[in-house]
Amino acid sequence: MLFKEIVGQKSVKEKLIQSVKDNRISHAQLLLGPEGSGKLALAIAYAQYICCNNKLEDESCGVCPSCLKFKKLVHPDLHFVYPVATSKTIKKDPVSDDYISLWREAIVENPYMSQTRWYEIIDVENKQGLISKYESYEILRKLNLKTFEADYKILIMWLPEKMNAPAANKLLKLIEEPPSKTLFLLVSENSEQIIPTILSRLQLIKIPKIDQKSMHIAICDRFGLAPDKATDIVHLANGSYLNAINLLNTTDENNEYFEHFVELMRYCYQNKVIEIIEWVDKIATIGREKQKSFLEYAIRMIRENFILNLNQKEIVYLTKQESEFSEKFSPFINKTNVFSIYENLNKAHSDIEMNAYNKIVFLDLGLKLVKLINK
């Protein structure tokens, strides 16, 4: 991964490159940013630059033996950790290496990959990904080996917030007393879920949303989009390259979430309890990760409809399909109910994440929305 392949983030790239030039590489760093900002891609490009045999002024050479291995993510001193779960092929105590081939293939194809997409790739069905104590044993084993080719052993951990307590405690000990020439790059979307003792030992690098100019150039160059069409995509993407890709592809999943949302809102407005129960039965079958993604989608739609109701159309981020629905729906999302609706959707998301029984969660949500939408 080369820095020039990453959309935007000019100041972050400069900071990372300068740390190598100044020989001031902190042994434990946290790249923190929203989904679609390119933080994982930055971590990989940074690792490649550190290991490059023939560094350029502001880029890896891209052609030395080290860079060629990084291009395929097979460098022997580069290690990855990410959330996993049991699947049809891995029945017990899964660790990252069980899925390393799928991981490499997925990240080479799209380093802006979402959690939901990753869980689909490894086919874990309704289960949620986790970084467990079994992973910590593997981390300890790998990092106590001598480097094979590079000066550093580099561990890139995607979504450290998914670590359970035993894994987190083991990582804390490693960060406090790291093996020689070891670099930890943690890539997170939610630092509040990382245990404070680890968080306090990490050098924080904040990754912002991608600026509109860089996003516009990237979309036009990579997808051959007309400038005016690209402008619409950039506005809707709201700083996320992943959102931009999804908007360009108009995925079935996005349409699915839209249809679920429209159905629920209509049934709630019409106080159709039987239909709400039938809707709950349907949403219960899509899997826990998709249920969480749907609730995140619903939260976004409520926010956008409230802003639309305030007549602030210039800062509304909706697709054409969503806009057509929201023109009629937005009057029902107002100051009297928007905060309560948001709280209930957010609580449902937390309950699903905590493995609560999904039918009860969604039925409770639907019945509460009946009252709130009709305020």
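Every number in this text was worked out from the coordinates using simple rules, so none of it is lab data. What you see is a predicted model; the values in this text were computed from it and never measured. Don't worry about glycine lacking a Cβ; one is built from the backbone with ideal geometry, like all the others, and counts go over all protein chains shown.
Observations, loosely collected:
- With respect to the chain, whose longest principal axis is taken over its alpha-carbon atoms, helix 288-309 is tilted by about 60°.
- Electrostatic dipole magnitude of the chain [Cβ: Lys, Arg +1; Asp, Glu -1; Cα centre; debye, to 20]: 740
- Rounded to the nearest 20 debye, the dipole size of segment 1-82 about its Cα centre is 60 debye, using +1 on the Cβ of Lys and Arg and -1 on the Cβ of Asp and Glu.
- Rounded tilt (10° steps) of 133-143 against the dominant C-alpha axis of the chain: 30
- Protection proxy ranking for 140-147, 184-191, using the average of other Cβ atoms within 10 Å per residue and placing the highest first: 184-191, 140-147.
- According to the Kirkwood relation over distinct C-alpha pairs, the hydrodynamic radius of the chain is 22.3 Å.
- Compactness index (Cα Rg / 2.2 N^0.38 Å), segment 1-123: 1.12
- The orientation-averaged shadow of the Cα convex hull for segment 250-373, equal to a quarter of the hull surface, comes to 7.1 nm².
- Between helix 358-373 and the chain: long-axis angle, C-alpha atoms, 0 to 90°, nearest 10: 50
- Label point at Gln203 placed 7 Å out along Cα→Cβ; residues across segment 28-48 whose backbone nitrogen lies under 12 Å: 28-31
- Each residue of segment 235-249 was assigned a 3J(HN,Hα) from its phi angle through the Karplus expression (A = 6.51, B = -1.76, C = 1.60, θ = phi - 60°), giving 4, 5, 5, 6, x, 10, 5, 5, 4, 4, 4, 5, 5, 5, 8 Hz with x at Gly and Pro.
- Extension gain for Gln18 to Glu275 (0.36 nm times residue separation, less C-alpha to C-alpha distance): 86.6 nm.
- If the convex hull is drawn through the Cα atoms of segment 3-206, its volume per residue in Å³: 113
- Extension gain, Glu353 to Lys371: 0.36 nm times the residue separation minus the Cα-Cα distance gives 4.0 nm.
- Mean-position separation - Cα centroids, segment 291-307 and segment 7-37, in angstrom: 31
- Residue pairs, from the table Lys69/Lys92; Lys72/Lys213; Lys55/Lys181, whose Cα atoms sit over 25 Å apart: Lys69/Lys92; Lys72/Lys213
- Between segment 81-147 and segment 157-172, the C-alpha centres lie 13 angstrom from each other.
- Counted by neighbouring Cβ atoms within 10 Å, the residues Met1, Met265 run from fewest to most as Met265, Met1.
- Residue order, fewest to most beta carbons within 10 Å, for His27, His216: His27, His216
- Charge dipole (the chain, unit charges on Cβ, about Cα centre) - positive-most of Ser200, Val63, Leu363: Ser200
- For a paramagnetic label modelled on Gln193 (point 7 Å from Cα along Cα→Cβ), amide N atoms under 15 Å away belong, within segment 285-303, to 288-297.
- Here the calculated FRET efficiency for Thr285 and Asn334, from their Cβ-Cβ distance with R0 = 45 Å, stands at 0.85, rounded to the nearest 0.05.
- Across segment 98-123, the residues whose backbone nitrogen lies under 18 Å from the label position 7 Å along the beta-carbon direction of Glu161 are 112-119.
- Across segment 208-273, Cα-Cα pairs farther apart than 20 Å form 42% of the total.
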